[in-house]
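Asks: Could you have a look at this structure, given as structure tokens, before my questions?
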Amino acid sequence: MAAKIIDGKAIAEQVNRETAELAAKLFAERGVKPGIAVVLVGSDPASQVYVNSKDRKAGELGFNSLKIDLPAATSQITLLTEIARLNRDPQVHGILVQSPLPKHISEKEIILAIDPAKDVDCFHPYNVGKMLIGEPDGFLPCTPWGVMMLLERSGINPAGKHAVIIGRSNIVGKPMMAMLVQKAKGADATVTVCHSRTPDIASFTRQADIIVAAIGKANFLTADMIKPGAVVIDVGINRIPDAAAKSGTRLVGDVDYAAVAEKASAITPVPGGVGPMTIAMLMRNTLRACQKANGLPMA
Ligand code: GUN
């Protein structure tokens, strides 16, 4: 049986519509607009694309958006000074520093410098800690939160299910583990995390009711690695050569999509699955930061 395709684009549009409505209400009642500052250091083409799409989406939702382009040679102290300025700016509720940063800059120090109340990426240890203990008034990291939202809005309840995550990054794998295992509505899964040092990953994924692939290897998860009826969420974005494509390349996920879709009960495509959700949740975090800054309950 072919899997149900989880349409991340449609679900992200639904989340974004709700965010825009809440932002319009906030503006009507309080005269404030959520504001996001997106900082890019250098000119990495992929990062430029991501930053531009965040900037554009913020505008579409009625947010103030501040795009800050800094040269690759920007010093650590200059970047820290810029962050301190954004921390003080009352019009800026969310700050995102696009990674990767140039090698001479310590990403760790930059993350620590962002006011946790404006850390809409949820990368600051204070917010990571709050997420881990399930504090509802904090932020949630955008990509794993997007995955949780896809499951919820597709009617897939992880409670009591075995979720197997492939990948242990700080951005996806580790927070995904914390969110799925949380004692909470829409979570309550039993979680296994596999990674580059896990022998025989297939022996784990074959036991999974839900698989989240976030390992950064094109077509890693093959049909023989899943059990029939599993739910497969593909977080991977890998560019591979494709002679038939005009650009000579195409985007694929971490899942061998065509074959796995024949065996799974539900699957996210790449593109159009998890990707659009990441930006939608970033915008939701920015709205939440603005609401909190104005003494209002968070959406
Ligand atoms: N680079 C790739 N993904 C992300 C993200 O979610 N946030 C930031 N700040 N940088 C990224």
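The values are calculated or read from the model by the stated rules, or taken from the named source; none is laboratory data. Note that the coordinates shown come from a computational prediction; the quantities given were computed from them, not determined experimentally. Cβ coordinates were reconstructed from backbone atoms using ideal geometry, including for glycine residues, and neighbour counts include every protein chain displayed. Surface accessibility is based on the protein's heavy atoms, side chains included, excluding ligands, DNA and RNA. Shrake-Rupley method; radii C 1.70, N 1.55, O 1.52, S 1.80 Å.
Asks: Would you mind telling me which residue in GLY248, GLY155, GLY62 has the biggest mean-square fluctuation in a Gaussian network model of the chain, where springs connect alpha carbons within a distance under 10 angstrom?
Replies: GLY248
Asks: To the nearest 20 debye, what charge dipole does the chain have about its Cα centre, counting +1 at the Cβ of each Lys and Arg and -1 at the Cβ of each Asp and Glu?
Replies: Using only the charged Cβ atoms, the result is roughly 140 debye.
Asks: Still on this structure, please answer the following. With springs connecting C-alpha atoms under 10 Å apart, model the chain as a Gaussian network and identify which of ILE77, ILE105, ILE166 has the largest mean-square fluctuation.
Replies: ILE77
Asks: With the other protein chains left in place, how much accessible area per residue, in square angstrom, belongs to the chain at a 1.4 angstrom probe? Mind dumping the intermediate values first?
Replies: On the way: 13930 Å² over 299 residues.
I get 47 Å² per residue for the chain.
Asks: Compare the Cα positions of LEU101, LEU86, GLY253 along the charge dipole of the chain (+1 at Cβ of Lys, Arg; -1 at Cβ of Asp, Glu; about the Cα centre) and return the one farthest towards the positive end.
Replies: Checked the options; the winner is LEU86.
Asks: Another question, if that's okay. For region 70-112, what is the convex hull volume of its Cα atoms per residue in Å³?
Replies: In region 70-112, the Cα hull volume divided by residue count equals 73 Å³.
Asks: Would you please state the base-10 log of I(q)/I(0) at q = 0.19, 0.22, 0.27, 0.28 1/Å for region 240-283, with intensities from the Debye formula using one equal scatterer on every alpha carbon?
Replies: With one equal scatterer per Cα and no solvent, log10 I(q)/I(0) is -0.74, -0.86, -0.96, -0.97.
Asks: For region 80-225, state the average projected area of the convex hull of the C-alpha atoms over all orientations, rounded to one decimal in nm².
Replies: Reported value for the Cα convex hull: 10.4 nm².
Asks: With springs connecting C-alpha atoms under 10 Å apart, model the chain as a Gaussian network and identify which of VAL49, VAL172, VAL147 has the largest mean-square fluctuation.
Replies: Per the Cα network of the chain with a 10 Å cutoff, VAL49 tops the list.
Asks: Return the whole-Å distance between the Cα centroid of region 56-95 and the Cα centroid of region 133-186.
Replies: 28 Å
Asks: Output needed: percent of Cα pairs per 10 Å distance bin for region 163-299, bins running from 0 to the one holding the longest distance.
Replies: The percentages, shortest bin first, are 12, 36, 32, 14, 5, 0.
Asks: Where both partners of a DSSP beta bridge lie in the chain, what percent of those bridges are antiparallel, to the nearest 5?
Replies: Rounded to the nearest five, the antiparallel share is 10 percent.
Asks: On to the next question. Please state the charge dipole magnitude for region 165-292, taken about the Cα centre, from unit charges on C-beta atoms (+1 on K and R, -1 on D and E), reported in debye and rounded to the nearest 20.
Replies: Its charge dipole is roughly 580 debye.
Asks: In the P(r) worked out for region 78-143, what percent of Cα pairs fall beyond 21 Å?
Replies: Percent of Cα pairs beyond 21 Å in region 78-143: 23.
Asks: Provide Rg over Rh for region 156-223; use the alpha carbon set for both Rg and the Kirkwood Rh (inverse mean inverse pair distance).
Replies: 0.95
Asks: Please express the Cα-Cα pair-distance distribution P(r) of region 1-130 as a list of whole percents, one per 5 Å bin, running from 0 to the bin with the greatest distance.
Replies: Per 5 Å bin, starting at 0, the Cα pair percentages come out as 2, 10, 17, 19, 19, 14, 9, 6, 2, 1, 0, 0.
Asks: So if I take the centroid of the Cα atoms in region 13-48 and the same for region 196-266, what is the distance between those two points in Å?
Replies: If you average the Cα positions of each part, the centres end up 31 Å apart.
Asks: Right, here's the next one. When every alpha-carbon pair in the chain is counted, what percent end up more than 27 Å apart?
Replies: On the way: 18890 of 44551 pairs.
That fraction is 42 percent.
Asks: Counting Lys and Arg as +1 and Asp and Glu as -1, each charge on the Cβ, what is the dipole of region 54-106 about the Cα centre in debye, to the nearest 20?
Replies: Using only the charged Cβ atoms, the result is roughly 80 debye.
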